[in-house]
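Each remark here refers to the structure printed beneath this line.
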Amino acid sequence: MSEGAIDDCELCGSAGGEVVWENGICRVVMVADADYPGFCRVILHRHLREMTDLPHKERMQLMTVLFAVETAVRSLYQPDKINLASLGNMTPHVHWHLIPRWRDDRHFPQPVWARPQRVHVPRRSVVDGRQLGDRIIAALQCT
C-alpha cells in the first residue's frame with residue numbers, strides 16, 4: 001500500500017487494472033472490457049478524495065498525464081469520441097476514467113454505465129499495454 005493508503009479503498013489495495021505506465025504521482029491502467037478497448041483509468045497513487053485536495057502543481061501534472069493518455073488512445077484506436085469522467089461515488093479515491101466511444105458501440109449515445117442500446121457491436125482490435133505505454137511516453141515528451 002502507498003503512503004496515505006486507506007485499508008478499505010479498492011484503488012489503494014490493488015492496481016485497478018493492467019498498469020501500462022506510472023510515475024511518482026499516478027498510474028495508468030488498462031481496463032479489461034472487450035466492448036471498450038482502450039478504456040483506461042488514471043489513478044492517483046495516494047489516497048485523496050477530490051482533485052482540489054491535490055496541490056496545484058500535482059493537479060496540473062495529473063491532468064497532463066490524462067491528456068497524454070487521451071492522445072495515445074486516440075492515435076491507437078481512432079474512436080469517434082473520448083469520454084472523461086471523474087466520479088468517485090463508489091470509490092472515493094482520485095481517479096479518471098478515459099473511455100473511447102464509437103457511434104456503434106453498445107451504449108452510444110448513452111454513458112457506458114447506462115442500459116445498452118444494442119446487442120451486437122463490431123469487435124475492435126486490442127492494443128497491448130506496452131504499445132499504449134509507449135504512446136503515453138511519446139505524448140508526454142511533446143508537452
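The values are calculated or read from the model by the stated rules, or taken from the named source; none is laboratory data. All values reported here derive from a predicted model rather than from experimental measurement. Cβ atoms come from the backbone with ideal geometry, glycine included; neighbour counts cover every protein chain shown.
How many residues are out of contact with any Pro (no Cβ under 7 Å at 6 or more places or on another chain) and in a loop (DSSP other than H, G, I, E, B) when one looks only at the range 86-110?
Number satisfying all stated conditions: 14.
Yes/no per residue for (1) modelled with pLDDT of 90 or more; (2) among the charged types (D, E, K, R):
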site: 1; (1), (2): no, no
site: 5; (1), (2): no, no
site: 13; (1), (2): no, no
site: 18; (1), (2): yes, yes
site: 22; (1), (2): yes, yes
site: 29; (1), (2): yes, no
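With respect to residue 117, determine if the residue is touching a His at 6+ places or on another chain (Cβ under 9 Å) and free of Cβ contacts under 8 Å to residues at least 60 places away in the same chain.
Yes; evaluated as a whole, the condition is true for this residue.
Looking at 52, 64, 71 in this structure, which one is more than 15 Å from residue 82 (Cβ to Cβ), touching a residue at least 60 places away in the same chain (Cβ under 8 Å) and part of a helix (DSSP H, G or I)?
64
Only one of these conditions is not met by residue 119: (1) among the β-branched types (Val, Ile, Thr); (2) under 19 Å from residue 18 (Cα atoms); (3) modelled with pLDDT under 95; (4) not in a helix (DSSP H, G or I). Which number is it?
The failed condition is (2).
Within the range 90-106, restricting attention to residues that are more than 24 Å from residue 65 (Cβ to Cβ) and touching a residue at least 40 places away in the same chain (Cβ under 8 Å), which residue is surrounded by the fewest Cβ atoms within 10 Å (Cβ to Cβ)?
106
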